[in-house]
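Q: Quick one: this structure, given as structure tokens, is what I'll be asking you about.
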Amino acid sequence: MKIDPKIFEGFSRVLTGVVVPRPIALVSTKSADGIVNLAPFSFFNAVAYDPPTIIFSSSRRTGEEGEKTKDTLANIEATGEFVIAVVVDEIAEAMNRTAAEYPADVNEFEIAGLTEATADIVAPPLVADSPVNMECRLVQVVTIGDPEHGHGLVIGEIVRMHVRDDIINGHRIDHSKLKPTGRLAGNMYCYTTDTYEMVRPKYDASKGIPISH
Ligand SMILES: Cc1cc2nc3c(=O)[nH]c(=O)nc-3n(C[C@H](O)[C@H](O)[C@H](O)COP(=O)(O)O)c2cc1C
């Protein structure tokens, strides 16, 4: 089957069905009035080491008629700060409870039964229940597609990272303890506990072939 994204109805579901599994960012923000907001985003990745840079992408509009800007995007554009907590199996159901379209004055930490912790540098709170929190400053919001109804690609620099002591050994994160949740399409998720190792080959110029070691 060949698909032309411009004419294939529901192409977004195909796209999110094949770029899988995706990690999930639980993004904490604070409005200019100090109202805390929490919502999940799986268009999420790390994209550079120096400066340490992460991205996530939010559709701009929500509501029946697309009449409202998503709180996360509005808050980040107003304040330039956010915290990303990594979603792990222990908090996957709580994460899901934060995802409904609540009014802007609702604090989703309370709805989800998650606990706020004070960040070191930025104003939005950490998610104390997640083993990994990244305090971020906004670098840029890149508009993708229609400025009113397209996506805002949020680029952020990590200014402080919090990693629970039991999941890190030196530089190495123990994924059997982290248990990051994977997002598939729609309402489907996966565990990441079935892991294996594959050593990257080195190219040997004298032999002209890749060699494993
Ligand atoms: C697992 C999961 C992943 C999601 N990923 C995204 C995403 O990448 N981009 C997006 O715009 N919405 C995404 N959503 C939907 C938002 O979380 C939802 O629209 C939320 O109400 C936005 O909240 P806000 O208005 O407080 O920002 C996702 C929802 C779930 C459950």
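Q: Between region 180-203 and region 1-61, how far is it from one alpha carbon centroid to the other, in angstrom?
A: About 18 Å separates the Cα centre of region 180-203 from the one of region 1-61.
Q: Net charge near F44: determine it from the other residues with C-beta under 13 Å of the C-beta of F44, scoring Lys and Arg +1 and Asp and Glu -1.
A: Result for the local shell: +2.
Q: Moving to a separate point now. When the C-alpha atoms of region 28-94 are aligned to their principal axes, what extent does each axis show, in angstrom, from largest down?
A: The Cα atoms of region 28-94 stretch 37, 29, 23 Å along their principal axes.
Q: Summing +1 for each Lys or Arg and -1 for each Asp or Glu, what net charge is found among the other residues whose Cβ lies under 11 Å from the Cβ of R97?
A: Around R97, the charge tally is -3.
Q: Identify the chymotrypsin sites (Phe, Trp or Tyr not before Pro) of region 1-82 meeting these criteria: DSSP loop state and at most 10 other C-beta atoms within 10 Å of the C-beta.
A: Listed in order of number, the matching sites are Y49.
Q: I would also like to ask the following. What does the chain give for Rg and for Dmax, in Å, if only its C-alpha atoms count?
A: 19.0, 65
Q: Can you pick out the pairs among K6/K70; K30/K68; K70/K177 whose Cα atoms lie more than 29 Å from each other?
A: Where the Cα-Cα span goes over 29 Å, the pairs concerned are K70/K177.
Q: Within 10 Å of each residue's Cβ, count the other Cβ atoms and sort K30, K6 from fewest upward.
A: By the 10 Å Cβ count, ascending, the order reads K6, K30.
Q: Suppose every K and R has +1 on its Cβ and every D and E has -1 on its Cβ; what is the size of the dipole of the chain about the Cα centre, in Debye to the nearest 20?
A: Its charge dipole is roughly 980 debye.
Q: Hey, fewest Cβ within 10 Å first, where do V154, V132, V20 land in order?
A: Exposure proxy ranking, most exposed first: V20, V132, V154.
Q: From the P(r) of region 85-161, could you give the percentage of C-alpha pairs in the tail past 20 Å?
A: For region 85-161, the share of Cα pairs beyond 20 Å comes to 46 percent.
Q: Let me ask something else about it. For every helix of n ≥ 4 consecutive DSSP H residues, a contribution of -39,500 (n - 2.57) applies; sum these over the chain, divide by its total residues, and give [θ] at 222 nm rounded to the nearest 500 deg cm²/dmol.
A: The helix contribution divided over the chain gives -3500 deg cm²/dmol.
Q: May I ask you to list the GluC sites (Glu not before Pro) in region 58-90 that are in a DSSP loop and have at most 16 other Cβ atoms within 10 Å of their Cβ?
A: Passing both the DSSP loop test and the Cβ count: E64, E65, E67.
Q: What does the charge count around G145 come to, taking other residues whose C-beta lies under 12 Å from its C-beta (Lys +1, Arg +1, Asp -1, Glu -1)?
A: Net charge around G145: 0.
Every read-out reported here was derived from the displayed coordinates using simple, explicitly stated rules and does not represent laboratory data. Everything numeric here is computed off the predicted structure, so don't read it as measured data. Neighbour counts run over all protein chains shown; Cβ positions are idealised from the backbone, glycine included.
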